[in-house]
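The next block holds one structure in the form of structure tokens; read it before the comments.
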Amino acid sequence: MSRAFALYLLLLVLTTTTTADDGDLDDLINSLFTKEPPNTGVNAGTTPPPAPIAPPVGSQAACQPGQRCIQKYLCTNASTSGEGLIDIRFDDDNPCVDYLLQCCYEEDIIQAPPPPPTPKPPIDPVLVNPVCGKRNTDGIGFRIVGQKDSEAEYGEFPWMLAVLRQESALDQVVNVYLCGGSLIHPKVVLTAAHCLHNRSPSQLKVRAGEWDTQTTNEIYPHQDRSVVEMISHPDYYKGGLYNDIALLFLDSPFTLNEAIQTACLPPQNTKFDLQRCYASGWGKDVFGKSGTYQVILKKIDLPIVPSGQCQASLRTTRLGSKFLLHESFICAGGEQGKDTCKGDGGSPLVCAIQGSHEHYYQAGLVAWGIGCGENQIPGVYADVAHFRNWIDQHMQTRQLDISSYTP
């Protein structure tokens, strides 16, 4: 990314997430023996209640007399059962411009109810739904059509988070996309240690419930929380990204709903070899200056590659014949054009829990790779199961319940 373009992104005042550099991966590209950074553009069923926000006032002139632009789920002429289809491509015939809006007659508008009173949370908040790792395969409230780049359904991966860096520009504070992360407790985030290098908690914010970064018209509004403490693994080595895992502790818990839930973590040393899994994120579609960050959350399915096979494949690259794959990594991918990439650092890789319908363990988080989507060259992820005991220890030290990520 050119410095001029990076400055341009920084100066955008965000109503949602602005994309920028992936942590300190630019430095790693130039210094690490393995780098080109995290590897490719990653590139439900029930009726949700109306979001506790007032209907927006759209362009009256664009619609017919007596109509106005409104979120589709707030109009009685639109389906909110999960069976409705929404085309995410720009529609020249939609006078509301935003594909999540439609013209609706005033008498057909469902007025959003006032938000319910907020109960005082206990010291360790209890989940709204104690079942972690539930993937909403068909999305929430609607399904998208016209996918062109493997877009995830809205709410498909409710544990997916965006880690933001707060910057001052033109006397305003803007949010710059830094890395991905996953929610493992209403107030705890799992991400990559390389994302936090040379950062302080006061610089960071975490966003949950995000999907399309260029609109705020999703069914549920996204939520932001500030970071008060961050813990990187004590054996994290930035020279090779060994033990590339970290925890972020938030100032207050996220309010859980269908679009915001926790991931499940696997038992210590669980193996997922040859299983087909999913990665998600907003990272670049291809590596290098020609790559662009994604507007809508993307997903890719990838096979887990056994460590020995992965090491052999990586030795065919510039890493050379003596490269040793560290025990803190797992590998996935190796299929042409399918990989995680720059900007996906810290994003989750999830694998189905055997015998449990549409529930997933987080098997890994994006660490690094050789290019993005190279044929026969897998991407490399931090092995979450390798760190389960370490995660539990920090949760219990802070008297936080590990049931939030235990199925």
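The values are calculated or read from the model by the stated rules, or taken from the named source; none is laboratory data. Because the structure is a prediction, the values reported are computed rather than measured. All accessible areas refer to the heavy atoms of the entire protein, side chains included, with ligands and DNA or RNA removed. Shrake-Rupley method; radii C 1.70, N 1.55, O 1.52, S 1.80 Å.
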Seminar exercise, completed: Here the gain from full extension of SER200 to LEU319, 0.36 nm per residue of separation minus their alpha-carbon distance, amounts to 39.6 nm
Exercise. Under the Karplus relation 6.51 cos²θ - 1.76 cosθ + 1.60, θ = phi - 60°, what is the ordered set of whole-Hz ³J(HN,Hα) values for region 399-407, x standing for Gly and Pro?
Worked result: 6, 9, 6, 7, 5, 5, 10, 10, x
Seminar exercise, completed: Counting sequence-distant residues (5 or more places) and residues on other chains, those with an amide H built under 5 Å from that of CYS277 are LEU302, ILE304
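What number comes out for accessible area per residue over region 207-278 if the probe is 1.4 Å? Units Å², please. Walk me through the intermediate numbers first.
Details: 2700 Å² over 72 residues.
Heavy-atom SASA per residue in region 207-278 reads 38 Å².
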For this session: Report, by chain and number, residues whose modeled amide H sits under 5 Å from the one on GLU335, excluding near sequence neighbours (fewer than 5 apart, same chain).
Result: GLN376
Problem set entry | Computed lengthening from GLU327 to ILE402, 0.36 nm per intervening residue step minus Cα-Cα distance | 24.5 nm
Seminar exercise, completed: Applying the gyration tensor rule to the Cα atoms of region 160-315 (axes a ≥ b ≥ c; rounded if a/c under 1.5, else prolate if a/b exceeds b/c, else oblate), the class is rounded
Problem set entry | Debye intensity ratio in log₁₀ form over the Cα atoms of region 223-274, taken at each q of 0.28 Å⁻¹ | -1.08
Seminar exercise, completed: Whole-Hz Karplus couplings 3J(HN,Hα) for region 246-263, θ = phi - 60° and coefficients 6.51, -1.76, 1.60, Gly and Pro as x, run 8, 10, 10, 10, 9, 6, 7, x, 5, 7, 7, 8, 4, 8, 9, 9, 9, 8
For this session: Starting from the amide H of ALA363, placed 1.01 Å from N in the peptide plane, find each other amide H under 5 Å away whose residue is 5 or more places distant or on another chain.
Result: LEU349, VAL350, CYS351
